[in-house]
Amino acid sequence: MEHEKKIKKVFTAWNMNELEKAFGLKKTIKNKYLEKLLDNNVELNDFENQNIKYYQKLLFENVHYYNEAELSGKFITPIISLVNFDTTDFSYFAEREFSAVVGNYKMSGRTDGMIATGKWEPEIPFFFISEYKREVEPRRNPMAQNLAEMIVAQKLNNNKFPVYGVYIVGKQWHFMILEDKTYTVSKSFDATENDIFDIFKILKNLKTTIIEILKKMNAQKEEKIKS
């Protein structure tokens, strides 16, 4: 029943076992949409290459000293800004609260970063970033937090398209996708190595992917209007 009391749980309180049981999720080894995202057949210009190398040098020299706020402000945010996700149709948002009722749970929390439609406030979310200083923390799990946020996005989007994410632990980046009841996690990308260029290409692919999703959504709206 809709009026039944829901269990309130913040994103950081979940672990992977709980998420899989609560929402019937299964992990897959491959996903065609994630494989397309990870395709590194993307050209980088001189400006991008120079900036990537500059921020990589800062990360290499300081990653072991950064706390989460410094990791975000001095490396992650500049790399995201270099891709430029702020367009007329969608934007990059940081430290925003969002929530939804999914099954028996009212899930909520503050996301480290998200890409969503909207200019002043996030509307339709496509991608989430979760940042951590350490892989294992007493009460938090980076993969679980990212996946919990993606589950809420899937609910808000009425499960119309795959939801993407990345959880970052120090210098390691792990990309994820949630499609229906299955999720897939990429290999680890080390931002202090040549992987940094792959990371940036993936983010550029992500921007193209979001543009393609929005085109499909707009085409579907036009079809409904005509019918």
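The values are calculated or read from the model by the stated rules, or taken from the named source; none is laboratory data. Since the model is a prediction, treat every value here as computed from it, not as a measurement. Glycine gets a Cβ as well: all are built from the backbone with ideal geometry, and neighbour counts include every protein chain shown.
Things worth noting here:
- Test: residue in the stretch 181-194 that is among the aliphatic types (A, V, I, L, M) and either part of a helix (DSSP H, G or I) or more than 18 Å from the chain's Cα centre (by Cα) (or both): no
- Out of I177, I151, sole residue that is outside any loop (DSSP other than H, G, I, E, B), under 30 Å from Y54 (Cα atoms) and among the aliphatic types (A, V, I, L, M): I177
- Those residues of the stretch 1-28 which are in a loop (DSSP other than H, G, I, E, B), of a type in the set (A, V, I, L, M) and modelled with pLDDT of 95 or more, in sequence order: L25
- Condition met for L203 (of a type in the set (A, V, I, L, M, F, W, C), buried (at least 17 other Cβ atoms within 10 Å of the Cβ), outside any strand (DSSP E or B) and under 16 Å from the mean Cα position of the chain (by Cα)): yes
- If the condition is being of a type in the set (A, V, I, L, M), over 17 Å from the mean Cα position of the chain (by Cα) and modelled with pLDDT under 95, then the stretch 53-99 contributes V63, A69.
- Condition check for F60: out of contact with any Asp or Glu (no Cβ under 8 Å at 6 or more places or on another chain) and under 20 Å from V169 (Cα atoms): yes
- Qualifying residue in the stretch 146-169 (condition: under 13 Å from the mean Cα position of the chain (by Cα) and of a type in the set (S, T, N, Q)): yes
- Per the listing K204, K221, K226, K171, the residue uniquely among the basic types (K, R) and touching a strand residue (DSSP E or B) at 6+ places or on another chain (Cβ under 6 Å) is K171.
This table checks each residue for (1) charged (D, E, K, R); (2) more than 23 Å from P162 (Cβ to Cβ); (3) out of contact with any helix residue (DSSP H, G or I) (no Cβ under 7 Å at 6 or more places or on another chain); (4) surrounded by 14 or more Cβ atoms within 10 Å (Cβ to Cβ).
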| residue | (1), (2), (3), (4) |
| --- | --- |
| N62 | no, yes, yes, no |
| I79 | no, no, no, yes |
| V83 | no, no, no, yes |
| T87 | no, no, yes, yes |
| F90 | no, no, no, yes |
| G109 | no, no, no, yes |
| T117 | no, no, yes, yes |
| W120 | no, yes, yes, no |
| F128 | no, no, no, yes |
